[in-house]
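Heads up, the thing below is written out as C-alpha cells.
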Number of protein chains: 2
Amino acid sequence: MSSWYTDKDNRNFSVLSTRIRLARNLGGMPFPYKMTDADREELKTKVKNAVKNSNSPLISTLKYIDMADVPDTKIKAMVERHVISPEFATFKNSAIILSEDESISIMVGEEDHIRIQVVLAGLQLENAYEIAEQVDRLLNDSLEFAYDSELGFLTECPTNLGTGLRASVMMHLPLLESTRKLNSLCENIAKIGFTVRGIYGEGSKSSASLYQISNQITLGISEKNAIDNLTLIATQLTEKEIQTEDEIDRISLEDKIFRALGILQNCRILTSAEMMNLLSLINLGLRMGIIKEDYEPVRLLIDAKPYMLMDKYGDLTPDERDVKRAEYVREHLKPTM
Amino acid sequence: MSSWYTDKDNRNFSVLSTRIRLARNLGGMPFPYKMTDADREELKTKVKNAVKNSNSPLISTLKYIDMADVPDTKIKAMVERHVISPEFATFKNSAIILSEDESISIMVGEEDHIRIQVVLAGLQLENAYEIAEQVDRLLNDSLEFAYDSELGFLTECPTNLGTGLRASVMMHLPLLESTRKLNSLCENIAKIGFTVRGIYGEGSKSSASLYQISNQITLGISEKNAIDNLTLIATQLTEKEIQTEDEIDRISLEDKIFRALGILQNCRILTSAEMMNLLSLINLGLRMGIIKEDYEPVRLLIDAKPYMLMDKYGDLTPDERDVKRAEYVREHLKPTM
C-alpha cells in the first residue's frame, strides 16, 4: 500500500507522478458556488451513499472523510502530499473519499460536485485513467452525472467541459531548466494544447525544478487522445533532459550533487526551500547514476514539508521546524536497498 | 618525528603552533643586503661547517639544503607549512639547515646572516626557546655572533636589535573574530608591545580565523619576559575565546560546523580559501566538543595547500588542483584515534 511518493516499484526519476482528474456534476442540482448549505449536505450524503452501497470493492472500501472534521494541519499536509488541491482546502462543507494508499480520491463539493482523482507514481497515465474511469462508471450507477450529448460532461468552468478530464504529470527537469531550454519547449507544448505549471497547480511557481504538465483542452478531444499526447510529451521531455547531460560540466554538477548530499546528511537547520533544492540535486544524481547508493529523495521531499512534519510532531514554530526537518532528513537520508 | 601540524600529542585547538626565531649576524662580515656573491658563499660555508663539525647531535644531525637546489614548488610548499617565511623564499644564494621533523631550522642569508627558528605544536614557548637557545649557543661555539654589550645582538633591522628574538604563536580565534571582540583585544595587546597579524607574517591577511601574535620589542626586554608575556596573552585569549561560546547561537553554529564537515567529506571541487574556512569550522567544532569523532583539520589545512598538493602530485592547473584537493580532503577527513 504505497502512495505515489513511496512506491519504489514504479519510481521514475523524471516523471515523478501521474495524475488523472475527472470533473463531474450531478443533474438537477445547482453548481457548488450556487449551493446552499442544505444542498451541500444533500450532495455529500448522496455521494457517501453511492460509494458505501456500491457492489464494487474498488469504491466501497474507500473512506469517507468530512473535511470539517479534519484539523487544519492535516488538511495542509494533504495538500503537501498532493491528495487535494490548495483550492479544495478552502472550500467549506466539502468531503473527500479516499483509498488507504490515497491513490484514489473523490473530492465532493469542490469547484464541481465531484472530482475523481487518481495519483500514481511514475508515468502511468493509462493505468490511472483506467482506474478513474472505473470509479466514474461505478459512481454513475447510482448518481446521475450531468451530460450533454454535444458538450459532454457539464462542468462549472467551461475549461473542463467535454471530457472533464485533466491528465497531468509531475516532472523533474533540472538540466532543461538550468540550460534554459525549457522555455521554448513549454511554448511548443502550449501550441498543442498542454500547459506547464509549478507543482501545486495553477498560479504556483516552480521550485526544485519540478513542473506539472497537463492538458488544457477538454472539449473536442478524446480522453485517449489527451492521455496519449501527454505520455508522448513526458517521454520526449525525459529524453531531452537526458540528452542535455552532454552539455553540462560534469565535475561541477557532481560537486553540487555531492555537496547537497553532504549538507542534507549533516545540517542542523534546514528550511523547506533549501531542502527541496538539495533533494532536487539528489534526484538528479540518482537519475544520472552519479550517486551509487539508493535514496528516496521524493519521499523525503514530501515527508519533511512543514505540515507533514507538524502532523507527525505537533505544532512547531518555523525555527523549530527547520531544526526538526534537519533532524528528520539526517535520520531518513540513508542508503536503502 | 612529527611536524608541528602533525603532532597530536601537543595539539591545542586554540594555540595551533609556537614559533621562536633568533636573528644573529656574524662579526666581520657585511649584512646580507650588502654582501657580494662571494661573501654569501663564504657565509654559507661557515655556517654549514659550524653545524657539521659540532659535537652536539642537536645540530650535527641537521640537513644542509642550498636553496638554489630546491625546486620552486618545494620552496613554496615550505612556505605553506611555515618552515620558511615568504620573504626568505625570495632571497638568492641562501641556504636552510633543517631537522628531519622541520621543527628546527637555521636560515642562512635571509635579512640577517642567520635566523634560528624552532616551531612546535601547541603552546610551548619555553620549550621552543630552550631548543633555540641551545642551537644558538652551539653555533656561537664556532661562529662569532656580532654582539654589543649595550645593544645586544646586532641585526640588520633595528626592530630586531637586542635579543634578536621573535616569539610568536598562531592562534585560532573564530568566536572572538565573529563577535568582533578581537579588534579591541588586539589594541590592548599592542599596548604591551605585542602585535597581531595574519598567519604568513607581516602584511598578510587573516584567513580561517587564524592569527599570529608576536612580540614587537626586542630591545630592553629579556627573552624570558617576552616569552612569559606571550604565554599569558595566548592563555588569556584562549580563555576569552571559550567564554564567548555563551554568547553565540549554538544551533546555528552546530549547523555551520556540520555542514562544513558534510561539504568537506563530499565535495568534488574545493578551493584553498573555501577549504581553510571549512576546516576552521571543524577545528572549532572539535574544540567545543560539537564534533565527537577525532579529526586533524590543521594537518589537512597544511597538507592540501596548493604547493603542498603539487609537491605530492606534480604540476596541476588551478582547476585540476581544486578537484585534486577535494579528492585529497575526502580521503583524509576521516575520524582518527
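In table form, for the structure just shown:
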| item | result |
| --- | --- |
| Computed E for residue B:2/residue B:74 - FRET, C-beta separation, R0 22 angstrom, nearest 0.05 | 0.65 |
| Within straight-line cross-link reach of residue A:76, lysines at Cα separation under 24 Å, skipping those fewer than 8 residues along the same chain | A:44, A:48, A:63, A:92, A:205, A:305, A:312, A:324 |
| Scaled radius of gyration (Cα, divided by 2.2 N^0.38 Å) that region B:77-206 gives | 1.16 |
| Semi-axes of the equivalent ellipsoid for region B:213-253, Cα gyration tensor, largest first, Å | 33, 9, 5 |
| Residues in region A:266-308 that a label on residue A:317 would reach, taking backbone N under 14 Å of a point 7 Å out along Cα→Cβ | none |
| Long-range tail of P(r) for region A:153-282 (Cα pairs > 16 Å, %) | 68 |
| Residue A:9-residue A:147 FRET efficiency (beta carbon distance; Förster radius 30 Å; 0.05 resolution) | 0.25 |
| Solvent exposure of region A:250-332 as accessible area per residue, Å², 1.4 Å probe | 38 |
| Loop-resident sites, region B:49-143, for trypsin sites (Lys or Arg not before Pro), counting at most 16 other Cβ within 10 Å (DSSP) | B:92 |
| At 1.002 mPa s and 20 °C, Stokes diffusion of region A:99-158 via Kirkwood alpha-carbon radius, µm² per second | 168 |
| Estimated D of the protein assembly as shown in µm² per second, where Rh is the Kirkwood radius over Cα pairs and Stokes-Einstein applies at 4 °C, 1.567 mPa s | 43 |
| Residue A:64 long-range amide H proximity, modeled H, under 5 Å | A:98 |
| Normalised contact order of chain A, rounded percent, pairs of Cα under 8 Å and 6 or more residues apart | 20 |
| Dimensionless Rg ratio for region A:250-332, taking C-alpha atoms and the 2.2 N^0.38 Å reference | 1.09 |
| Sequence-distant residues sharing a close amide H with residue A:12 (under 5 Å, placed H) | A:122 |
| Computed accessible area, residue A:13, all protein chains, 1.4 angstrom probe, square angstrom | 50 |
| Diffusion constant of chain B at 20 °C, which comes from Stokes-Einstein with the Kirkwood Cα-pair radius and 1.002 mPa s, µm²/s | 102 |
| Helix-only [θ]222 nm of chain B, DSSP H runs n ≥ 4, -39500 (n - 2.57) each, per residue, nearest 500 | -13500 deg cm²/dmol |
| Sites matching GluC sites (Glu not before Pro) across region B:264-337 that sit in DSSP coil, with at most 13 neighbouring C-beta atoms within 10 Å | B:293 |
| Which of A:72, B:311 is most accessible, then next, and so on - probe 1.4 Å | A:72, B:311 |
| Label-point separation in nm, residue B:191 to residue A:127, each point 7 Å along Cα→Cβ | 7.7 |
| Amide proton proximity set for residue B:207, modelled H, under 5 Å, gap of 5+ | B:199 |
| Where trypsin sites (Lys or Arg not before Pro) fall in DSSP loop in region B:204-276, at most 12 other Cβ within 10 Å | B:205 |
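The values are calculated or read from the model by the stated rules, or taken from the named source; none is laboratory data. Computed from a prediction, not measured in an experiment: that's the story for all the values here. Cβ sites come from the backbone with ideal geometry, for glycine too, and all protein chains shown count toward neighbours. Surface accessibility is based on the protein's heavy atoms, side chains included, excluding ligands, DNA and RNA. Shrake-Rupley method; radii C 1.70, N 1.55, O 1.52, S 1.80 Å.
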